[in-house]
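For reference, the structure is listed below as structure tokens.
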Amino acid sequence: MYIGIDVGGTSIKYALVNERGEVSERAFMPTSLEKKSFLFDLVKIIRDFQKKNKNIKGVGISAPGVIQKDGKMTTAGAIKSLYGINLKDEIEQQITLPVFVENDANAAAIAENWIGNAQGIENYLCVVLGTGMGGGIVINGEVYRGRHGMAGEFGWMMIDRLPKKGDIEVVSLNQRAAVVGGLCYRYNQAMKKINPEFQKITDARVILEQEDSNEIAKKILQQFYEDLSMGIMNLISCFDPEVVLIGGGISENDHFFERLTQTLETMEKRHGSIAFLKEKGMASIEQTKLGNDAGLIGAVYQIHKLVKKN
């Protein structure tokens with residue numbers, strides 16, 4: 001039995017996860033943005049589980065940001081107080097269990113290899129759509145982190161002509177193909193031009209539901225699907241994976257996934273080299289399976305493998 005903890009910018013989800021990836025005793029609490037109280041909360045979660053279960057073998061923690069393999073957090077998303085700390089060391093100093101700290105997108109990706117839609121697949125990508133566009137790269141069954149733990153920051157890629165001045169990240173996938181930072185942001189911008197009193201939305205379902213009745217929503221969505229497809233085609237060209245898994249809340253919407261699949265297929269046919277190779281075998285896109293549990297399951301899978309090895 002293991003403890004899985006999934007740290008988000010606003011809440012911490014935690015649960016017990018067994019050796020088959022089955023989750024039980026789920027709970028959550030608000031995320032403290034102050035280092036001391038954040039660490040106190042994590043240690044309390046672990047100790048409370050230990051009091052009730054004597055068979056816990058380790059702790060897997062999924063967290064946002066650039067995280068190195070040894071647990072050092074170069075960044076930590078919205079939790080600025082954790083920048084630069086080694087979260088693994090900080091926790092292990094206070095408990096008697098081994099700890100593995102994994103980037104949330106990497107955790108989601110490797111979870112799919114354990115009990116999700118990448119079982120039996122050694123080389124694949126996982127694209128996680130949310131506020132930004134994150135991702136996980138799995139090569140030969142292992143997460144690829146890169147030299148500094150930054151591998152998988154798919155949203156940083158730029159897909160358009162650079163602006164003549166200012167921040168060039170405005171043409172990145174984070175601001176063109178992510179859900180909140182891209183789709184919702186661009187829709188809000190367009191609606192504000194028409195109605196300055198328009199109240200911005202952060203729920204993409206509102207836009208999806210208006211595709212047939214709102215010309216602005218229709219136009220923004222079409223550009224969103226094309227931008228996201230362009231990003232996926234670039235990734236397939238660079239990595240030649242067996243499959244690209246699409247995760248994040250929006251990926252569970254069947255209409256979204258159907259439209260994305262259609263757009264991607266149309267664009268692949270218009271790319272000479274890809275169109276030629278498509279007939280000879282090229283990665284398809286699939287939905288992820290594990291949803292909101294993916295982060296804590298993937299983090300547990302990492303500590304589970306480590307415990308088994310030792």
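The values are calculated or read from the model by the stated rules, or taken from the named source; none is laboratory data. These numbers come from a predicted model, not from an experiment. Note that each Cβ is placed from the backbone with ideal geometry, even for glycine, and that neighbours are counted across all protein chains shown. Keep in mind that these areas ignore ligands, DNA and RNA; they rest on the heavy atoms of the full protein, side chains included. Shrake-Rupley method; radii C 1.70, N 1.55, O 1.52, S 1.80 Å.
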Q: Please report, as a whole percent, how much of the solvent-accessible surface of the chain comes from carbon and sulfur atoms (probe radius 1.4 Å).
A: 51
Q. Accessible surface of residue 24 in the full protein assembly, 1.4 angstrom probe, to the nearest 10 Å²?
A. 50
Q) Extension gain residue 29-residue 159, at 0.36 nm per residue separation less the Cα-Cα distance, in nm? A) 43.0 nm
Q) What FRET efficiency, computed as 1/(1 + (r/R0)^6) with R0 = 25 Å and r the Cβ-Cβ distance, is obtained for residue 275 and residue 234, rounded to the nearest 0.05? A) 0.95
Q) Top mean-square fluctuation among 238, 126, 184, Gaussian network model of the chain, C-alpha springs under 10 Å? A) 238
Q. When the helix-only estimate is applied to the chain (DSSP H runs of n ≥ 4, each -39,500 (n - 2.57), divided by the residue count), what is the mean residue ellipticity at 222 nm, nearest 500 deg cm²/dmol?
A. -12000 deg cm²/dmol
Q. Where does helix 35-52 land angle-wise versus the long Cα axis of the chain, in degrees 0 to 90, nearest 10?
A. 60
Q: Could you check which residue among 196, 98, 30 shows the biggest mean-square fluctuation in a GNM of the chain with a 10 Å Cα cutoff?
A: 196
Q. Antiparallel DSSP bridges in the chain: what percent, to the nearest 5?
A. 55
**Q.** About the Cα centre, charge dipole magnitude for region 170-310 (Lys/Arg +1, Asp/Glu -1 at Cβ), debye
**A.** 480
Q | Angle in degrees between helix 185-194 and the longest Cα principal axis of the chain, rounded to the nearest 10 | A | 50
Q.
Over the chain, with a Gaussian network built from C-alpha contacts below 10 Å, which listed residue (203, 70, 212) shows the highest mean-square fluctuation?
A. 212
Q.
Could you report the accessible area of residue 296 in Å², rounded to 10, computed with a 1.4 Å probe on the protein chains as they sit in the structure?
A. 0
Q: Identify, among 95, 180, 277, the residue whose Cα sits farthest towards the positive end of the charge dipole of the chain, taking +1 on the Cβ of Lys and Arg and -1 on the Cβ of Asp and Glu, with the dipole about the Cα centre.
A: 95
Q | Exposed-site-free run, longest, the chain (rule: chymotrypsin sites (Phe, Trp or Tyr not before Pro); DSSP loop; at most 16 other C-beta within 10 Å) | A | 199-310
Q) In debye to the nearest 20, how big a dipole does region 251-310 give about its Cα centre with +1 on each Lys and Arg Cβ and -1 on each Asp and Glu Cβ? A) 420
**Q.** Accessible area (Å², per residue) of region 194-285, counting only protein heavy atoms and a probe of 1.4 Å
**A.** 58
Q: Would you check the accessible area of residue 81, probe 1.4 Å, heavy atoms only, in square angstrom rounded to 10?
A: 40
Q) Local charge sum around residue 62 (other residues, Cβ-Cβ under 11 Å, Lys/Arg +1, Asp/Glu -1)? A) -3
**Q.** Gain on full stretching of the segment that runs from residue 89 to residue 307 - 0.36 nm per residue minus C-alpha separation
**A.** 76.8 nm
Q) What trypsin sites (Lys or Arg not before Pro) in region 39-100 are in a loop by DSSP, with at most 16 other Cβ atoms within 10 Å of the Cβ? A) 54, 57, 69
Q) In debye, nearest 20: dipole of region 1-146 around its Cα centre with unit charges on the Cβ of K, R (+) and D, E (-)? A) 440
